[in-house]
Amino acid sequence: MRSGPHPYRNRFKNRSTGSECAHLDAVQKPQDLPMPLSPSATILSLTFVTAALAQSGVQNADVQKRMQLMEDIRDTMVALDTMATGEAPFNAALADRLAQSLAADAAAIPVHFEFQFEDPESAARPEIWSDWPGFAEAAARTEAAAAGLPTGSPRALRRGMAEVRRTCDACHGGYRADDQG
């Protein structure tokens, strides 16, 4: 890990606890990326900017926290996907750290949705709370898929990420009103 202040520290703080994200030093920083960016990296960058702008209208702090958690999960999945598909060099140690972070974030999903906070910008459907056992089970399946993510090779990681994505999609299909990705 790096010592001293990090230029990205404030951007990657867990807004619910104020602590720094566990995978901060494992994530590739812009200065680490090869230039020029690939078309898929450009599209991902635009997706992140769009998501950040969409979140700027959120008024409820608790909704903001759960939206940030979902963004953290998405960002970690993107980093793992780039290694699994060969867009970034495969690094088993980094993949393992990211998988651990993904599992920890997935475990936090029920905590962030426990109370029904509302906001016009939220995509959370009321079924989350009216079918809490179903939602909690869907979140547990995502956590289990992330916790069992094989990180020994790009091929294994690619297969494991497909399972994580299936669990995410299943949950979003039933509990997210406006699936933005």
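The values are calculated or read from the model by the stated rules, or taken from the named source; none is laboratory data. Since this is a predicted model, take the numbers as computed values, not measurements. In this analysis, Cβ positions are derived from the backbone assuming ideal geometry, glycine residues included, and neighbour counts consider all displayed protein chains.
Observations
- For region 78-96, the count of residues that are under 17 Å from residue 171 (Cβ atoms) and either touching a helix residue (DSSP H, G or I) at 6+ places or on another chain (Cβ under 7 Å) or of a type outside the set (A, V, I, L, M, F, W, C) (or both) is zero.
- Some residue of region 89-102 being under 24 Å from residue 61 (Cα atoms) and surrounded by fewer than 19 Cβ atoms within 10 Å (Cβ to Cβ): no
- Pick from region 121-139, criterion touching a residue at least 12 places away in the same chain (Cβ under 8 Å) and assigned to a helix (DSSP H, G or I), ranking: farthest from residue 163 (Cα to Cα): 129
- Annotation note: of 41, 93, the sole residue that is at pLDDT 95 or above, aliphatic (A, V, I, L, M), within 26 Å of residue 153 (Cα to Cα) and in a helix (DSSP H, G or I) is 93.
- Where residue 118 falls short, out of the listed (1) in a helix (DSSP H, G or I); (2) touching a strand residue (DSSP E or B) at 6+ places or on another chain (Cβ under 9 Å); (3) farther than 14 Å from residue 176 by Cβ: (1)
- Residue 131 being modelled with pLDDT of 95 or more and either over 16 Å from residue 69 (Cβ atoms) or surrounded by fewer than 14 Cβ atoms within 10 Å (Cβ to Cβ) (or both): yes
- Qualifying residue in region 150-162 (condition: polar (S, T, N, Q), crowded, with 17+ Cβ neighbours inside 10 Å and out of contact with any His (no Cβ under 6 Å at 6 or more places or on another chain)): yes
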